[in-house]
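The values are calculated or read from the model by the stated rules, or taken from the named source; none is laboratory data. Note that this is a predicted model, so its numbers are computed, not measured. Ideal geometry is used to build each Cβ from the backbone, glycine not excepted, and the neighbour counts take in all protein chains shown. To get the accessible areas, we keep the full protein, side chains included, count just its heavy atoms, and leave off ligands, DNA and RNA. Shrake-Rupley method; radii C 1.70, N 1.55, O 1.52, S 1.80 Å.
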Amino acid sequence: ELAKKGKVLLGSILGLSAAQRKFAHSLRDFKFEFIGDAETDDERCIDASLREFSNFLKNLEEQREIMALSVTETLIKPLEKFRKEQLGAVKEEKKKFDKETEKNYSLIDKHLNLSAKKKDSHLQEADIQVEQNRQHFYELSLEYVCKLQEIQERKKFEFVEPMLSFFQGMFTFYHQGHELAKDFNHYKMELQINIQNTRTRFEGTRSEVEELMNKIRQNPKDQKRASQFTAEGYLYVQEKRPAPFGSSWVKHYCMYRKTAKRLNMIPFEHRSGGKLGDGDVIFLKECTKRHTDSIDRRFCFDIEVADRPGVALTMQAFSEEERKQWLEALGGKEALFQSFNRVIPKQEGSAQLDKMGFTILRKCINAVETRGINDQGLYRVVGVSSKVQRLLSMLMDVKTCNEVDLENSVDWEVKTITSALKQYLRSLPEPLMTYELHGDFIVPAKSGSPESRVNAIHFLVHKLPEKNKEMLDILVKHLTNKISVSNHSKQNLMTVANLGVVFGPTLMRPQEETVAAIMDLKFQNIVVEILIENHEKIFRTLPDATFPEPTSLSTSPPNAPPRQSKRPGQRNKRPVAVYNLCLDLEDGDGPNPPKEDTPTSSLDSLSSPSPTTATVHGPLGPDRNHLLTDGESFGEWAATAPSQTRSTMVQWLNPQSPTTPSSNPAAPPPSPKSSPFPFSSPATIVDKPPESIANRKARAVYPCEAEHSSELSFEIGAVFEDVQTSREPGWLEGTLNGKRGLIPQNYVKLL
């Protein structure tokens, strides 16, 4: 019975192990999706956490398999051996004993039934036979009893000893689990910090998103972005069919480039969530507005195709306003040539970065350090709005500023003072860390090693105007020094991460508030965290004079370009910019196509006029955008473009040789197979693909570990032979150590 129950237990152990392994595989294969063009370090750790959990379970199940094997070897087999050899032998003895017992008692019954009248010789012979049989039965009984006694004694060690081994195996398994848990404990604590930081940043970002959403809701027209040179968005296109079927209207995502007079059209069905088929490319000859007396639909216009004589398409916009924008971009008749590409002027408050401003900052900081440094939620708990405005008005008034005693007066709560300080900083005409350097500060927060980030931000802080740097120094010192907010975080619960959430949007903000800019909020927080943690180095020492522009650095390898075919387990990243298939569509030849060539050697070269497209997806989706004109330079556009757009066009340098430009190794090529998606936040730079490469040599500038048998693994400095362009966009083919395979193009530099 015990052996049978042991087998059931073994089956359950193996079943549990199989279920745990399946669960571990599911954890390993689970992939997070993210919106934006970069992840924070915390998000990368969270991204990798499920694989860590999977490895933990895998290691645990390896120990469980060892235990299951020990159950078989130490418990089941010994029990079955004992049952077969010992109990089997006793059963044979019992059969023999039972047979002799029956024979003995039968003989006794027969002997007792003998008649007394029998001859004495006959009776004596019967008595002798019974006595002999009794003696034989006695000996057999002794043997059987000895066998019973032996097996009962053997049970005490031959049975209990396997049980002891079984439990020793159980103890070993649980001890191994304990050791694995101890090893995992440090990672678990770090992951908890990563999760808390991510949650904190999410909560801070959510409030900013809601604020922006309210602004868009109140003034939707002010948030639209368009240009008279390029239109992009959804249109219904009339498809004519043979009689009697008439015609149908199919929704397309359309992109028009004025320089080439080329219109790309991709059929799109929102119910199925993707493309219906391959796109079409036409070259525009003429565009004409359709009046309602000639068609039974509103907002329509006709397009005459240059390369298809006699072919005209009828298109329908979503509204009259959108039709005007399309007509304007397409050069249509009755087009209204007014510019919608305007930047909404910021309402400037009365707060200024002057002597009065420094007085306000110092008075508030002194009051906080004197009265409220240990208040829970310091700087995060907001004061009553009316009181905050009244205090700020008094502080900004020359007549009443000196009369306000914040350190000793009980009239002003600490939360009112902290809110007034933040409100003053937010009311400045320009954020303390300036619009100009906003995108530059964001770039190092998205990539590179911790040391390179500190160096880059150190360099940028010293590019700030003197007054801005001085005020930033005073504020960050307050958040850092011995009586600082962060050093009292056990009492006030304001860790460096929490302070980053509070002061990120206060000290930094983009010139245009779009959903794309909201994606950078978490990186603003990281910049503030770096300032707090490295205050002495950043503000008390000068940056390295030979340090290159931070926007030209990359100390971490770029993302490998996406493969055309998705492999099992490959990470699904939500597209950074939706309509990267502009790149694929530009390969087609058209009548008199313009010569396009975007320099990639340095940021300065981007200031030269070029018809290269720069599409900026606005807060309402990709059909509100900005496009560079023929006469507008990249440099002029970058000065006013959203920060994420600027960050995507940064030209990186080889980290091994910071002063020597490389062929843009870190800018991952856009995926030409991205599916249309109705909304997009960040922006995309779309330019002409690189020329074909053949029989070249290349050197690795980043290490790479192959994720597929068709790819090559290599270290920094590896030299590839016979390098040529691959059919897969963004990849090269080359030979390393006699093996040929795929190489990410942005990981190598051509020799």
Handout entry: Single unsatisfied condition, S419 versus (1) farther than 15 Å from V528 by Cβ; (2) part of a loop (DSSP other than H, G, I, E, B)
Key = (2)
Exercise for the section: Return yes when L107 is out of contact with any Asp or Glu (no Cβ under 7 Å at 6 or more places or on another chain), in the same structural domain as T172 (by the TED database), aliphatic (A, V, I, L, M) and in a helix (DSSP H, G or I) and no when it is not. Expected result: yes
Problem - Top-ranked residue of the stretch 721-739 - restricted to ones that are open to solvent by 60 Å² or more (accessible area, probe 1.4 Å) and without any contact (Cβ under 8 Å) to a residue 12 or more places away in the chain, ranked as farthest from V701 (Cα to Cα) - result: R727
Problem - Filter result (surrounded by 19 or more Cβ atoms within 10 Å (Cβ to Cβ) and touching a residue at least 60 places away in the same chain (Cβ under 8 Å)) within the stretch 40-55 - result: T40, D42, C45
Practice task
Consider G6 carefully, then state whether it is open to solvent by less than 40 Å² (accessible area, probe 1.4 Å) and on the phi > 0 side of the Ramachandran plot.
Solution key: no
Fill in the blank from the handout: If we ask which residues in the stretch 142-170 are hydroxyl-bearing (S, T, Y) and either within 15 Å of V71 (Cβ to Cβ) or not assigned by the TED database to the domain that holds N55 (or both), their number turns out to be 1
Handout entry: F173 vs. criteria farther than 30 Å from K94 by Cβ, surrounded by 15 or more Cβ atoms within 10 Å (Cβ to Cβ) and assigned by the TED database to the domain that holds P78
Key = yes
Exercise for the section: For residues that are surrounded by fewer than 20 Cβ atoms within 10 Å (Cβ to Cβ), in a loop (DSSP other than H, G, I, E, B) and not polar (S, T, N, Q), scanning just the stretch 475-498, find the one that is modelled with the lowest pLDDT. Expected result: K482
Fill in the blank from the handout: Residue count, the stretch 406-419, condition modelled with pLDDT of 90 or more and among the small types (G, A, S), comes to 1
Fill in the blank from the handout: For the stretch 3-15, pairs from a residue that is touching a residue at least 60 places away in the same chain (Cβ under 8 Å) to a residue that is in a helix (DSSP H, G or I) and open to solvent by 90 Å² or more (accessible area, probe 1.4 Å), with Cβ under 9 Å and 6 or more apart or across chains, are A3/R83
Practice task
Report yes if some residue within the stretch 191-206 is part of a helix (DSSP H, G or I), open to solvent by less than 90 Å² (accessible area, probe 1.4 Å) and over 21 Å from M519 (Cα atoms); otherwise report no.
Solution key: yes
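Residues are listed down the side, and each one gets a yes or a no for (1) modelled with pLDDT under 75; (2) closer than 16 Å to S452 by Cα; (3) under 24 Å from the mean Cα position of the chain (by Cα); (4) not hydrophobic (A, V, I, L, M, F, W, C):
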| site | (1), (2), (3), (4) |
| --- | --- |
| P510 | no, no, yes, yes |
| E513 | yes, no, yes, yes |
| M519 | no, no, yes, no |
| K522 | no, no, yes, yes |
| I526 | no, yes, yes, no |
| I530 | no, yes, yes, no |
| R540 | no, no, no, yes |
| A545 | yes, yes, no, no |
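Kindly indicate which of E334, E403 is at positive phi and modelled with pLDDT under 90.
E334
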Practice task
Can you tell me which residue within the stretch 357-377, out of those that are basic (K, R) and farther than 18 Å from L493 by Cα, is most open to solvent (accessible area, probe 1.4 Å)?
Solution key: R362
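One line per residue, one yes/no per condition, for (1) out of contact with any Ser or Thr (no Cβ under 6 Å at 6 or more places or on another chain); (2) not in a helix (DSSP H, G or I):
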| residue | (1), (2) |
| --- | --- |
| D405 | yes, yes |
| G439 | no, no |
| N455 | yes, no |
| H458 | yes, no |
| D473 | yes, no |
Practice task
Scan L406, L428 and give me the residue that is within 41 Å of the chain's Cα centre (by Cα) and surrounded by 15 or more Cβ atoms within 10 Å (Cβ to Cβ).
Solution key: L428
Exercise for the section: Return a yes/no flag: does the stretch 264-278 have any residue that is of a type in the set (F, W, Y) and either at pLDDT 85 or above or open to solvent by 30 Å² or more (accessible area, probe 1.4 Å) (or both). Expected result: no
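Yes/no matrix, rows are residues, columns are (1) surrounded by fewer than 17 Cβ atoms within 10 Å (Cβ to Cβ); (2) assigned to a helix (DSSP H, G or I); (3) within 25 Å of the chain's Cα centre (by Cα):
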site	(1), (2), (3)
Q63	no, yes, no
I66	yes, yes, no
Q86	no, yes, no
L114	yes, no, no
